[in-house]
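All remarks here apply to the structure that follows.
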Amino acid sequence: MSSHVRHHALYRIVNAPVSTHPFPHIYVRDVFPADFYRELRAHLPPTSAFDNPKKLSRVSADYPDSRLILPVTPDNVQALDEPFRTFWTWVAREFLTGEFMQMMLSRFAAFLDQRWGGSIDGLKFHDEALIVQDYSSYALEPHTDVPAKVLSFLFYLPADGSMSHLGTSIYAPKDPNFTCPRGMHYPFDQFHLVTTMPYLPNALFAFVKTHRSFHGVEPIQEAGVRRDVLLYDIKVDNPPDFRRQ
């Protein structure tokens, strides 16, 4: 593998048009080279390597048990058997060493400036990646994400397009004045489902965290479903108060 993968992804993301309603987001097909996507699918770690996010103290007690995660950290990657260890060591080196994060912050800087009412200069950021498995019965109510979240990237990893309807959805509150800076979860019936980002192979849904970035996952009805997602987040270490929505 080579840095061609990273540059391909950067080209696809940086040049993607941004949809601004109801909050800034992009949807990108073929975000990785086709041969790398096949490698990515082939190197998804076994379920035994994953854990419940509640056990890892990453979510609240009412978070669904039907999601498992594997944080892409040095310790977790080194604990993987081969060939997974070598593959994910390379992924971490290409995407979690700062350059990719800085490019993404630059790409969405205008929207981040709007969030805080001024330049993002002086703010400190960090990024993280999680490999995610969502199973039948999984559902995630509309929410905007925690204040520390800045940008969220969901790289969809299905084998084919048969589960396209199981993508992450965008919502608008029925009360047009309702906003949420803190990221609490709300009942589905308080929102209009605006659209669902199709869960298709090698696709990316990414968005800017705002007071209005309500997103979630409609309840999965089918049996035997597993959604594979590579989740990449950028967070701010020293978030100032929101000044604009």
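Given a Förster distance of 35 angstrom, what is the FRET efficiency for Ala79 paired with Glu222, based on the Cβ-Cβ distance and rounded to 0.05? Before the final figure, lay out the partial values.
Details: r = 32 Å, r/R0 = 0.91.
After rounding, the FRET efficiency stands at 0.65.
So what's the gap between the Cα centers of the stretch 143-181 and the stretch 1-43, to the nearest angstrom?
Centre-to-centre (Cα) distance: 17 Å.
Gain in length, Thr89 to Val194, computed as 0.36 nm per residue apart minus the alpha-carbon separation, to one decimal in nm?
Values: separation 105, 0.36 × 105 = 37.80 nm, distance 3.77 nm.
Here the answer is 34.0 nm.
Pairs of lysines 8 or more apart, or on different chains, with alpha carbons under 23 Å: count those in the chain, would you?
Final tally of qualifying lysine pairs is 12.
Can you give the local net charge around Pro219? Use residues other than it whose beta-carbon is closer than 12 angstrom to its beta-carbon, Lys and Arg +1, Asp and Glu -1. If you can, show how the numbers build up before the last one.
On the way: positive: none; negative: Asp134, Glu141, Glu218, Glu222.
Summing Lys/Arg as +1 and Asp/Glu as -1 gives -4.
Could you tell me what fraction of 2.2 N^0.38 Å the Cα radius of gyration of the stretch 4-236 comes to, as a two-decimal ratio? List each step's numbers first, then the result.
Values: Rg = 17.1 Å, N = 233, 2.2 N^0.38 = 17.5 Å.
After normalising by residue count via 2.2 N^0.38 Å, the value is 0.98.
Enumerate the calculated ³J(HN,Hα) couplings along the stretch 21-26 in order (Karplus 6.51 cos²θ - 1.76 cosθ + 1.60, θ = phi - 60°), each rounded to whole Hz, writing x wherever the residue is Gly or Pro.
Those phi angles translate into 10, x, 7, x, 7, 9 Hz.
Below 14 angstrom from the Cβ of Asp175, what's the summed charge of the other residues (Lys, Arg +1; Asp, Glu -1)? The partial results should precede the final answer.
Details: positive: Lys174, Arg212; negative: Asp189.
Value of the local net charge: +1.
Here, each number is a calculation from the coordinates, and none is a lab measurement. Quantities reported herein were computed from a predicted structural model and do not represent experimental measurements. Don't worry about glycine lacking a Cβ; one is built from the backbone with ideal geometry, like all the others, and counts go over all protein chains shown.
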